[in-house]
Amino acid sequence: MRDRGQTLANAPLEDLLTILLRQFKRPLASHGVTITDADAAQIAAEVAARQPDTPQRAAIRQALAAAIAESEAVLAGRGLTFERALATTMDAIPGWETTEEFLEIATEKANAEVRIAAGAALLLALGDARHAHTVIAQIEHAPAETEAHLGRRILSWASGIEGKGEDWLDKAKAWAETR
């Protein structure tokens, strides 16, 4: 079985973007942007082909940024930023005594982290680099995670910097700083 990183590195970008857009259908809808599976596929094809921006993609970016902000607020409620959350284990987070409370907080934290990481990557693919530092933080902290592989792929594509080589992340960081 091929490893996840290799699979994501070789999958058509259009397919990855379609999957991400489908995953964000509910958060987008909660911010007034409704897309169908067919819309997701069409948008992904347009983005992958670097077609000109559309009002629909602008609305998606706005709703996606709001969804990311909501997840950041969840973490902030626990005294965490995204970067700190990645490095913080559950035993360091107060507020739970029972197994049920532990599981509730752990699920809340994990869901926020995934939504922020995947949302930042999708936002970057849609042409908005405001959360590129989040994509980079995910790659640096947990390079084997699915979100890091997606982020690496999208960061490489968006920046035009080949995702191979020892210095690619330094180059991508420099690129992100100019955005």
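If each DSSP helix of 4+ residues adds -39,500 (n - 2.57) and the sum is divided by the residues in the chain, what number results at 222 nm, nearest 500 deg cm²/dmol?
-21500 deg cm²/dmol
Rank-order 52-61, 118-127, 137-146 by packing density, defined as the average count of other C-beta atoms within 10 Å over each peptide's residues, highest first.
118-127, 137-146, 52-61
For the range 67-95 and the range 114-179, write down the distance between their C-alpha centroids in whole Å.
With the range 67-95 and the range 114-179 each reduced to a Cα centre, they are spaced 20 Å.
Which percent of the accessible heavy-atom area of the range 38-179 goes to carbon and sulfur, probe 1.4 angstrom? List each step's numbers first, then the result.
Values: 3700 of 7200 Å².
For the range 38-179, the apolar C and S fraction of the accessible surface comes to 51 percent.
What figure in square angstrom, to the nearest 10, would you give for the accessible area of Ile19 with a 1.4 Å probe?
The value for Ile19 is about 90 Å².
What number, in nm² with one decimal, is the all-direction average of the projected area of the convex hull of the alpha-carbon atoms of the range 1-54?
4.5 nm²
Could you state the principal axis extents of the C-alpha atoms in the chain, from the largest down, to the nearest angstrom?
51, 42, 38
Please give the per residue accessible area of the range 1-57, computed with a probe of 1.4 Å over protein heavy atoms only, in Å². Provide the component values of the computation, followed by the final result.
Values: 3480 Å² over 57 residues.
About 61 Å² of surface per residue is accessible.
Above 17 Å lies some portion of the pair distances; for the range 91-179, what is it as a whole percent of all C-alpha pairs? All intermediate terms of the calculation are to be shown ahead of the outcome.
Working: 1958 of 3916 pairs.
Considering the range 91-179, 50 percent of its Cα-Cα pairs are separated by more than 17 Å.
Report Arg50's accessible area, 1.4 Å probe, all protein chains in place, as a number in Å² to the nearest 10.
140 Å²
Of Ala158, His133, Ile105, which is farthest towards the positive pole of the range 53-179's charge dipole, taken about the Cα centre with +1 and -1 on the beta-carbons of Lys, Arg and Asp, Glu respectively?
Ala158
Under a straight-distance cross-link criterion of Cα-Cα below 22 Å, which lysines are reachable from Lys25, leaving out those fewer than 8 residues away in the same chain?
Reachable lysines: Lys109.
For Glu177, Glu46, Glu101, give me the order by solvent-accessible area with a 1.4 Å probe, most accessible first, ignoring ligands, DNA and RNA.
Glu177, Glu101, Glu46
So for each of 20-28, 152-160 I average, over its residues, the number of other beta carbons within 10 Å; can you give me the resulting order with the highest mean first?
Result, highest mean Cβ count within 10 Å first: 152-160, 20-28.
Would you list which lysines come within 18 Å of Lys164, measuring only between C-alpha atoms, while excluding same-chain residues fewer than 8 positions from it?
Leaving aside lysines fewer than 8 places away in the same chain, those within reach of Lys164 are Lys173.
The values are calculated or read from the model by the stated rules, or taken from the named source; none is laboratory data. Note that this is a predicted model, so its numbers are computed, not measured. Note that each Cβ is placed from the backbone with ideal geometry, even for glycine, and that neighbours are counted across all protein chains shown. In case anyone asks, the SASA skips ligands and DNA or RNA and just uses the protein heavy atoms, side chains included. Shrake-Rupley method; radii C 1.70, N 1.55, O 1.52, S 1.80 Å.
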